[in-house]
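Read the structure below first, then the notes.
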Amino acid sequence: MNKSEPMVKITPKVKTPMLAPPVAEIIPQRLEIHGDVRTDNYFWLRERENPKVISYLEAENSYTAQVMAHTEELQNSLFEEIKGRIKQDDSSVPYKDGDYFYYTRFEKGKEYAIYARKHGSLESAEEVYLDANLLAAGHGYFSLRDVEVSANHEILAYAADTVGRRIYTVHLKNLATGELYPDKIPNVTGMLAWANDNKTLFYAKQDLETLRWYQIWRHTLGSDTADDVLVYQEDDETFSSYVWKTRSKRYIMIASYQTLSSEFRYLDADDPLGEPKLFQARQRDHEYDLDHLGDKFYIRTNHQAKNFRLMSTPVTSTGMADWEEVIPHRDDVLLSNFELFRDHLVVQERKAGLVHLRIVNWDGSGGHYLDFGEPAYLAYISTNPDPQTNILRYGYTSMTTPQSIYDYDMSTRQRTLLKQDEVLGGFDSGDYVTERRYAPARDGVLVPLSIVYRKGLKRDGSQPLLLYGYGSYGSSMSATFSAARVSLLDRGFVYAIAHIRGGQEMGRSWYDDGKLLKKKNTFTDFIDCASYLIAENYTAPERLFAQGGSAGGLLIGAVINMRPDLFKGIVTRVPWVDVVTTMLDADIPLTTSEYDEWGNPNDKVYYDYMLSYSPYDQVSAQDYPHILITTSLHDSQVQYWEPAKWTAKLRALKTDDNLLIIKTDMKAGHGGASGRFKRYRDTAFNYAFLLDLAGIDK
């Protein structure tokens, strides 16, 4: 829709199909724990290889296609419109690593990135060292991870997944000749780190059933992968493990982590055959991460510091007893990240829900904060491979400002805009307004809301509004730009993000107050945000929509069980909704490592609490909003059967005639379709669902 066109007047219009939806076969499965016997009629849908399961999913897809057939023109229009805003022959801002400038670029009509570099200067000839379009040819799904060049810039390691299960195969390439080495390492996570000898590669492997990352291996270039050496194994099933290299390129780091604890081992990158040394032994409730510069390690830690503080220690003595404080703990500021430079320290902080970048001078002279000047935004530390420079590269975006990359001279305080994503089709950020509001929760806490809409909004409750939320794992949702979202805004939608408890927008306590036995705060916060938006006349219940994915799908599923009357319709992507059954099954991905997030249902206290909000278990005979559910057959995070079971149970119990459709991507994983543009087909489909319910047909 062209930005110059007026907003469309909304007249509610819902097309309820006369088609009979698929009905899942009922096969009762008796489940018992803590003396509680439950019957799960749809447990059989987890049989991935069962032809009946595949037939059922395909029947649901056919039903969804028929239900949405009248929106096909709108879907195509939305897809072309969204695609038309994206500059197809685009490239990233090059960054300098050693004597090379590295960047990625896209060519018109192609779905995947081309990896390229230039030697010596940006005026040099381009060298394409990896073309993902060629690798993806013939595959319905394709994903690259950890495209890593060796220390001498002569050998490339990359990991590819052609299924969507996040199980990768590592390939090695000679960048001088362009030839692939015969070395091929299958069934790995894709986490890679080169030693400084340019022939030793460290990688992480996962358990192929639970997908828990638990082993770190060492491969020598040119050797048989059967001879690879196991360097470290994490035996605690609540922990996972991965490998990386410090920015100084001095150390290989092996990390073990879980929700509430972490532990690191380090190995001199010049001595890859050496024995990794323990940095600081794990302790319950102690989370830390680190990096290296000069003769010190720097540690971000929550030891006696709920919102984290920054410490340092000599490389010769890494135990906690020798740590010295660099940045103290602050009750109102979350220390979320840091970057080390020769003359400066950059600290990424969250205060009052917003990110701040702080420059600290090592010589003790006055530091300062960068000013961003908008009420809601995201700023972040970008790619800075050289710690010897005075230039900080950072990224910035807001709900009205496209992704922007800056270089900032930390000595002169001069900033240079290197690139702002070009949004085609006549987009003008001045046509849109972003706001920061605070909704009162029922217990008196103020919950931040980030809001964006097109100028000219009349706050009379007549506009449709899409409310998004997540609220889990301490993940903070940021107010960022979306070129696709413009298609909703230009059609009169308001878009809002509810920064509910369970994230870390307002500090560590915000996370602690939205997990375990306080998880319901996440759901009631979202409901209270929705009620606030209605009370403030941004929208009305008959025009209010909600969206969330993965753990955000849990949020939406719980909310519509509690307050279905608040919403016209919902969209959930790969929703995690069968909480109790999943957390009782230690053989599927993500279970054992998440007991500290959700609780262990083998403990009756947690079992009872989880059961009281689990969306699948709490489906009841009541009216529900219009519902669109999307999932993927090969999802490694949320198994496809959870949304499939949820759909079947909703259809059996709900008392309304509203739409209930599920769309299963039979070729993708947790992230949905791969490729630069394919995913916007899904976006267009979801938007068409919302717009159709709002009475907007073009």
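The values are calculated or read from the model by the stated rules, or taken from the named source; none is laboratory data. From a predicted model like this one, the values you see are computed outputs, not experimental measurements. Counting neighbours? That spans all protein chains shown, and the Cβs are built from the backbone with ideal geometry, glycine included.
Before moving on, here are some points about what is shown:
- Test result for Ala305, among the aliphatic types (A, V, I, L, M), crowded, with 17+ Cβ neighbours inside 10 Å, closer than 26 Å to Lys351 by Cα and in contact with a strand residue (DSSP E or B) (Cβ under 9 Å, 6 or more places away or on another chain): yes
- Enumeration of residues in region 110-130 that are part of a loop (DSSP other than H, G, I, E, B) and of a type in the set (D, E, K, R): Lys110, Glu111, Glu123
- Looking across region 204-222 at every residue that is more than 27 Å from the chain's Cα centre (by Cα) and modelled with pLDDT of 95 or more, the one that is surrounded by the most Cβ atoms within 10 Å (Cβ to Cβ) is identified as His219.
- Lone unmet requirement of (1) in contact (Cβ under 8 Å) with a residue 40 or more places away in the chain; (2) under 22 Å from Ala352 (Cα atoms) for Gly503: (1)
- Considering (1) surrounded by 19 or more Cβ atoms within 10 Å (Cβ to Cβ); (2) over 24 Å from Gly222 (Cα atoms), the lone condition that Glu123 does not fulfil carries the number (1).
- Scanning region 298-322 for residues that are in contact with a Lys or Arg (Cβ under 6 Å, 6 or more places away or on another chain) and assigned to a loop (DSSP other than H, G, I, E, B) yields Lys306, Asn307, Phe308.
- Counting only helices (runs of 4 or more DSSP H) wholly contained in region 489-605, the ones carrying 3 or more residues that are at pLDDT 95 or above occupy 508-512, 520-535, 551-562.
- Test set (1) in a strand (DSSP E or B); (2) buried (at least 20 other Cβ atoms within 10 Å of the Cβ) - Leu144 fails condition number: (2)
- Strands (runs of 3 or more DSSP E) lying entirely in region 333-404 (those with 2 or more residues that are of a type in the set (D, E, K, R)): 344-351
- All positions within region 466-475 that are among the hydroxyl-bearing types (Ser, Thr, Tyr), surrounded by fewer than 23 Cβ atoms within 10 Å (Cβ to Cβ) and not in a strand (DSSP E or B): Tyr473, Ser475
The rows are residues; the columns are (1) at pLDDT below 95; (2) part of a helix (DSSP H, G or I); (3) in contact with an Asp or Glu (Cβ under 9 Å, 6 or more places away or on another chain); (4) exposed (fewer than 15 other Cβ atoms within 10 Å of the Cβ).
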| site | (1), (2), (3), (4) |
| --- | --- |
| Ser62 | no, yes, no, yes |
| Gln66 | no, yes, no, yes |
| Leu74 | no, yes, yes, no |
| Phe79 | no, yes, no, no |
| Lys83 | yes, yes, no, no |
| Asp89 | yes, no, yes, yes |
| Phe101 | no, no, no, no |
| Lys108 | yes, no, yes, yes |
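- Filter result for the condition that a residue is more than 28 Å from Gln258 (Cβ to Cβ) and either without any contact (Cβ under 8 Å) to a residue 40 or more places away in the chain or in a strand (DSSP E or B) (or both), over Thr412, Thr480: Thr412
The rows are residues; the columns are (1) at pLDDT below 95; (2) assigned by TED's automatic domain parsing to the domain that holds Tyr495; (3) buried (at least 16 other Cβ atoms within 10 Å of the Cβ).
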residue: Glu324; (1), (2), (3): no, no, no
residue: Val333; (1), (2), (3): no, no, yes
residue: Glu339; (1), (2), (3): no, no, yes
residue: Asp363; (1), (2), (3): yes, no, no
residue: Tyr369; (1), (2), (3): no, no, no
residue: Ser404; (1), (2), (3): no, no, yes
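- Total residues in region 342-374, condition touching a His at 6+ places or on another chain (Cβ under 7 Å), among the hydrophobic types (A, V, I, L, M, F, W, C) and closer than 24 Å to Trp510 by Cα: 0
- Residue satisfying condition, being among the basic types (Lys, Arg) and surrounded by fewer than 21 Cβ atoms within 10 Å (Cβ to Cβ), within set Arg501, Arg563, Arg543, Arg491: Arg563
- Here is the figure for region 455-465: residues that are touching a Lys or Arg at 6+ places or on another chain (Cβ under 8 Å) and either surrounded by fewer than 24 Cβ atoms within 10 Å (Cβ to Cβ) or modelled with pLDDT under 95 (or both) total 3.
- Residue check, Tyr129 within 25 Å of Lys199 (Cα to Cα), hydroxyl-bearing (Ser, Thr, Tyr) and touching a strand residue (DSSP E or B) at 6+ places or on another chain (Cβ under 8 Å): yes
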